[in-house]
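Visitor: Pasting a structure below so you can have a look.
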Amino acid sequence: MAQIIPVAPFDYVVFGGTGDLATRKLLPALFHRDIDGQIPEEATIFAISRRSYTATEYADFVQSHLRRQTQGAEIRPQDWARFLRRLRHFTLDAGSDQGWENLARALGPGNGRVRVFYLATSPQYYGTIARRLAAAGLAGDAARLVVEKPIGSDLSSARRINDEIGGVFDEGRIYRIDHYLGKEAVQNLLALRFANSLFEPLWNSMWIDHVQISVSETVGLEGRAGYYDGAGAVRDMVQNHLLQLVCLVAMEPPQTLAADAVRDEKLKVLRSLGSLTQSRESCVVRGQYVAGAIDGSAVPGYADELGGNARSRTETYVAMKLSLANWRWAGVPFYVRTGKRMARKASEIVVQFKPVPHSIFGDSAPLVANRLIVRLQPDEGITLRLMTKEPGPGGLRLRSVPLDLSFAETFSTRFPEAYERLLMDVVRGNTTLFMRRDEVEAAWSWIDPSILEWERSSEHPKSYVAGSWGPSAATALIERDGRTWHEELS
Ligand code: BG6
């Protein structure tokens, strides 16, 4: 049983309180923390949306979503009752300057208790909401602001948003969330690297051949066409989640786990990323799915999901070869790929070690180089592939076998969703797993030229069939270097 550390009483104020993110991630996360006994009796959750609800209507609305999400789990009636008692709904149009004093009145004086404003809205409202909170006297020292990725759609819009929210909240009270940093396996990567002496001496270009990071999803647009078609996989996944994973694999050991110690090291990684546009060979493959089937069920193509817009050039898949210009990683490619409507939902980091410098076993016993695999989802765990001798007399037969650590088997506990940890980190005031302003801007300034180059071209993304592993050009991207994508995934 994981140790539960109770937090101080708080108010969570969720803008976009009836939206997709709130109902699918935020409210279920708070619900689970409540069931586990982490949330004190006095804590409240205010959901804000334009549409008005009576208290009962909102409680019913939330309960029906939570029931769907927790199907199969046994939830005690008192857990339902306690959680629903915490909920308040407040009707407010965040785009209008009316109603903010009423919100302040509804929230009450606060008296120094932590008050978290979670903006589960489009980024275009971040600045306006922050300003209006301040004008209503709601941005005092105990107030914290959480904003979702993507922060803007390029460097200049990210700067504008950061300026606007930074004009009201100081950096230490801004939590830029990237839920990948809250995933168990991602934090385990830190434990693996820095709580063991085994890997760190080998963690460099002398011993590592390359790194692969893959995030594959089976879902398509999920009703988010308005956002996704303007963003695409590069802005939606690479600029944030995938780059954060690159940072955690590649960063130097921070001095401590303190927020700035970790974020300083991640920033150095982002700043050492080599340009994608100046390389002689193309390092980027963009794809878009066409109709296919996943798990035996037919799936429409992207253009059909968009309502027949065959002209959209939005990429639903991207594969990239990244390089890092520093002593540790010079010459070690980082291949990253992510896509929607792929064959299976699976995310993993693969660290491919170099072959031994000389084999004493001769040609009859070919050696397979070691490989470390960190599985983010599903079945979180770590696998290290090692060469061993097959049992039995006779010749010396060698085989590559997995040394497996499945977290579910080793720790018989429920795996909290990433948001559960992150939402409580905000209440505790721990910013280590959130992105600092300079990180977000460094990520945009690296990716922007590649997006611009693409937008200026007339190229269409390569097609791939829904339910496949992406376009063949992505296979060629890695095979050109004499390497292959990790076969257990693709
Ligand atoms: C979100 C993206 O940040 O991450 C989505 O906007 C994506 O498009 C999601 O589906 C993936 O998260 P997870 O935790 O399911 O891998």
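Visitor: Shape call for region 346-473 from the C-alpha gyration tensor, a ≥ b ≥ c root eigenvalues: rounded (a/c under 1.5), prolate (a/b greater than b/c) or oblate?
Guide: Oblate is the answer for region 346-473, as a/c is 1.5 or above yet b/c matches or exceeds a/b.
Visitor: Take Arg235, Arg132, Arg50 and sort them by solvent-accessible surface of the protein heavy atoms, 1.4 Å probe, largest at the top.
Guide: Sorted by accessible area, descending: Arg50, Arg132, Arg235.
Visitor: Once amide H atoms are built 1.01 Å from N in the peptide plane, which residues 5 or more positions from Arg397, or in another chain, come under 5 Å H to H?
Guide: Here Glu390 satisfy the definition.
Visitor: Could you list which residues have their amide H under 5 Å from that of Gly16, counting only those 5 or more apart in sequence or on another chain, with H placed in the peptide plane?
Guide: Result for Gly16 returns Ile48.
Visitor: Continuing with this model, one more query. How long is the gain from Thr277 to Ala106 if the chain were fully straight, where each residue apart is worth 0.36 nm and the alpha carbon distance is subtracted?
Guide: Values: separation 171, 0.36 × 171 = 61.56 nm, distance 5.20 nm.
Going from the current span to full extension adds 56.4 nm.
Visitor: Which whole-number percentage describes the relative contact order of the chain, with Cα contacts under 8 Å and a sequence gap of 6 or more?
Guide: Relative contact order comes out at 18 percent.
Visitor: If I model a spin label at Val356 and Trp327 as a point 7 Å from the Cα along the Cα→Cβ vector, what separation in nanometres do I get?
Guide: Computed distance between label sites Val356 and Trp327 equals 3.0 nm.
Visitor: Summing -39500 (n - 2.57) over the DSSP H runs of n ≥ 4 in the chain and dividing by its residue number, what mean residue ellipticity at 222 nm do you reach, to the nearest 500 deg cm²/dmol? It would help to have the intermediate numbers written out before the result.
Guide: Numbers: 15 runs with 152 residues, N = 490.
So the calculated ellipticity at 222 nm is -9000 deg cm²/dmol.
Visitor: Can you give the accessible area of Arg131 in Å² (nearest 10), computed on protein heavy atoms with a 1.4 Å probe?
Guide: For Arg131, solvent-accessible area is about 130 Å².
Visitor: In region 89-116, whose amide N lies under 15 Å from the spot 7 Å out along Cα-to-Cβ of Glu164? List them in ranges.
Guide: 94-97
Visitor: OK, next. Give the percent of DSSP beta bridges with both residues in the chain that are antiparallel, rounded to the nearest 5.
Guide: Around 55 percent antiparallel, to the nearest 5.
Visitor: Kindly rank 421-432, 316-327, 288-299 from highest to lowest mean number of other beta carbons found within 10 Å of each residue.
Guide: The packing order, highest mean first, is 316-327, 421-432, 288-299.
Visitor: Which cross-chain or sequence-distant (5 or more) residues have an amide H under 5 Å from the amide H of Arg144, H modelled 1.01 Å from N in plane?
Guide: For Arg144, the qualifying residues are Arg115, Val116, Phe117.
Visitor: Another question about this same structure. Please work out the Cα center distance from region 466-486 to region 145-181, rounded to the nearest Å.
Guide: Cα centroid to Cα centroid, the span is 34 Å.
Visitor: For every other residue with a beta carbon closer than 12 angstrom to the beta carbon of Ala298, add +1 if it is Lys or Arg and -1 if Asp or Glu, then tell me the sum. Numbers along the way, then the final one.
Guide: Values: positive: Arg341; negative: Asp295, Asp304.
Charge balance in the 12 Å sphere: -1.
Visitor: Distance between Cα centroids, region 4-83 to region 382-409: provide it in whole Å.
Guide: 45 Å
Visitor: Express in Å², to the nearest 10, the accessible area of Asp170 obtained by rolling a 1.4 Å probe over the protein heavy atoms while all chains stay in place.
Guide: That residue has around 80 Å² of solvent-accessible surface.
Visitor: What is the diffusion coefficient of the chain in µm²/s, taking the Kirkwood radius over Cα pairs and the Stokes-Einstein relation at 25 °C with a viscosity of 0.890 mPa s?
Guide: D = 101 µm²/s.
Visitor: How much length is gained if the chain between Glu390 and Ala293 is pulled fully straight, taking 0.36 nm per residue apart and subtracting their Cα-Cα distance, in nm to one decimal?
Guide: Working it through step by step, the gained length comes to 30.9 nm.
Visitor: Only residues of region 177-193 count here: report those whose backbone N is under 18 Å from the spot 7 Å along Cα→Cβ of Ala261, or say none.
Guide: 187-193
Visitor: So which lysines can Lys354 reach, going by Cα to Cα under 27 Å and dropping same-chain residues fewer than 8 places off?
Guide: Partners found: Lys266, Lys268, Lys321, Lys389.
Visitor: Full-extension gain between Asp79 and Arg483, please, as 0.36 nm times their residue separation minus the C-alpha to C-alpha distance.
Guide: Numbers: separation 404, 0.36 × 404 = 145.44 nm, distance 5.17 nm.
The span from Asp79 to Arg483 would gain 140.3 nm if fully extended.
Visitor: Tabulate in residue order the Karplus-calculated ³J(HN,Hα) for region 72-77, using 6.51 cos²θ - 1.76 cosθ + 1.60 with θ = phi - 60°, rounded to whole Hz; enter x for Gly and Pro.
Guide: Couplings: x, 7, 8, 10, 6, x Hz.
The values are calculated or read from the model by the stated rules, or taken from the named source; none is laboratory data. A quick note: this is a predicted structure, and the numbers were derived from the prediction, not measured. Every residue, glycine as well, gets a Cβ built from its backbone with ideal geometry; the counts of neighbours run over all protein chains shown. Only protein heavy atoms, including side chains, enter the accessible area calculation; ligands, DNA and RNA are left aside. Shrake-Rupley method; radii C 1.70, N 1.55, O 1.52, S 1.80 Å.
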